[in-house]
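Below is one structure, written out as structure tokens; the observations come after it.
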Ligand code: PMP
């Protein structure tokens with residue numbers, strides 16, 4: 001008799017639920033923090049030319065030298081700092097955790113935050129210590145410093161701004177945590193394009209700081225490109241965990257080309273920020289709805305019967321994210337990604353009706 005999955009698959013993997021991506025065909029997609037704007041025709045034409053000439057029969061440049069050079073310039077990576085690329089920042093989180101996964105090692109993060117921090121730690125067999133945010137979703141620096149002293153984490157992840165709350169933590173509180181940490185602190189700046197503040201320029205100040213970015217929220221989610229910047233003394237080791245050729249030929253070519261259009265990307269981010277302000281105001285005026293301030297391209301809001309509202313929205317063709325049930329602090333919370341003005345208007349219209357019924 002051959003063995004069953006329960007005999008073979010690790011207990012902690014069997015206990016996990018898969019990262020759920022709902023079917024969004026035919027729906028206004030405001031669930032995944034994507035940029036709602038397509039690239040203009042002239043940029044698409046440039047990409048088509050590059051794709052036509054690309055050497056798909058060859059493996060990609062394993063070091064992605066040209067793309068890294070462009071990223072250094074556009075992202076203002078301080079001179080002297082090393083850069084590591086991932087197939088999305090998800091892959092970078094995984095590489096980091098694998099690199100520190102000694103027996104007994106602890107990875108720490110705040111909660112609620114990006115669920116992949118905990119999930120990847122669990123998959124790698126590393127204990128994850130989640131430290132609660134305050135009720136208003138700000139950082140509890142006192143508690144963090146105490147838990148750091150207790151758990152001595154090898155690695156701390158802090159999303160800045162945070163997902164799913166949208167909050168941008170106090171920079172002085174962040175600095176306290178970086179200073180108190182015995183190991184690495186990764187400041188995950190996935191939503192940097194909408195925040196206007198960064199720890200990238202602080203890399204020189206802290207030997208244990210690494211800064212992570214992604215192009216996913218800036219219109220290139222489909223390409224999958226994340227980046228980690230920091231001292232080579234750390235990144236040279238993390239790089240050994242990286243699978244060869246993790247950044248494919250098309251991603252290298254297209255990302256490098258699109259990053260030449262900085263004004264375009266900045267314009268799209270500005271449009272999203274303007275819509276965020278409008279959406280926040282409209283949500284604030286709706287009876288029974290409490291939106292939380294956001295420095296990202298989404299807004300978390302609390303409303304009665306969130307599950308029902310979420311399902312009503314979906315039935316009416318608008319997909320957002322239901323966070324009810326994912327963490328006690330997120331009871332009755334939904335998260336909407338900022339879309340185009342037309343998408344946001346549709347969302348608000350349907351939400352208004354769902355709340356009326
Ligand atoms: N970090 C944070 C805080 C996120 O919210 C996300 C995406 N939801 C990621 C990282 C992963 O992004 P990607 O893998 O697309 O780069």
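For the chain, the equivalent ellipsoid derived from the Cα gyration tensor has semi-axes of 31, 27, 22 Å, listed largest first. The distance separating the Cα centre of region 1-42 from that of region 124-157 comes to 26 Å. With contacts taken as Cα pairs under 8 Å and at least 6 residues apart, region 252-357 reaches a relative contact order of 24 percent.
Ellipticity at 222 nm from helices only: DSSP H runs of n ≥ 4 in the chain, each -39500 (n - 2.57), divided by the residue count, give -12000 deg cm²/dmol.
The label-point distance for residue 123 and residue 149, in a model that sets each label 7 Å from Cα toward Cβ, rounds to 3.5 nm.
Label sites at residue 237 and residue 179, each approximated as a point 7 angstrom past Cα along Cα to Cβ, lie 2.5 nm apart.
Projected label points at residue 12 and residue 42, each 7 Å from Cα along the beta carbon direction, are separated by 5.2 nanometres. Calculate, for residue 65 and residue 19, the FRET efficiency according to 1/(1 + (r/R0)^6) with r their C-beta to C-beta distance and R0 35 Å; round to the nearest 0.05. Rounded to the nearest 0.05, the efficiency is 0.65. Region 68-92 and region 294-357 have Cα centres lying 34 Å from one another. Listing 156, 77, 8 from fewest to most neighbouring C-beta atoms within 10 Å gives 8, 77, 156. Counting neighbouring beta carbons within 10 Å and listing from fewest to most, the residues 333, 124 come out as 124, 333. In terms of other Cβ atoms within 10 Å, 10, 224, 176 run from fewest to most in the order 10, 176, 224. May I ask you to derive the FRET efficiency for residue 271 and residue 73 from their Cβ-Cβ distance with R0 = 25 Å, giving the value to the nearest 0.05? Computed FRET efficiency for residue 271 and residue 73 comes out at 0.60.
Over region 61-185, calculate the relative contact order: mean separation of alpha carbon pairs under 8 Å at least 6 apart, over the residue count, as a percent. Relative contact order for region 61-185 comes out at 23 percent.
Taking every C-alpha pair closer than 8 Å and separated by at least 6 residues, the mean separation divided by the residue count of the chain gives a relative contact order of 22 percent.
Each reported figure results from applying straightforward, stated rules to the coordinates on display, with no laboratory input. Quantities reported herein were computed from a predicted structural model and do not represent experimental measurements. Because the Cβ atoms are built from the backbone with ideal geometry, glycine has one as well, and the counts that use them run over all protein chains shown.
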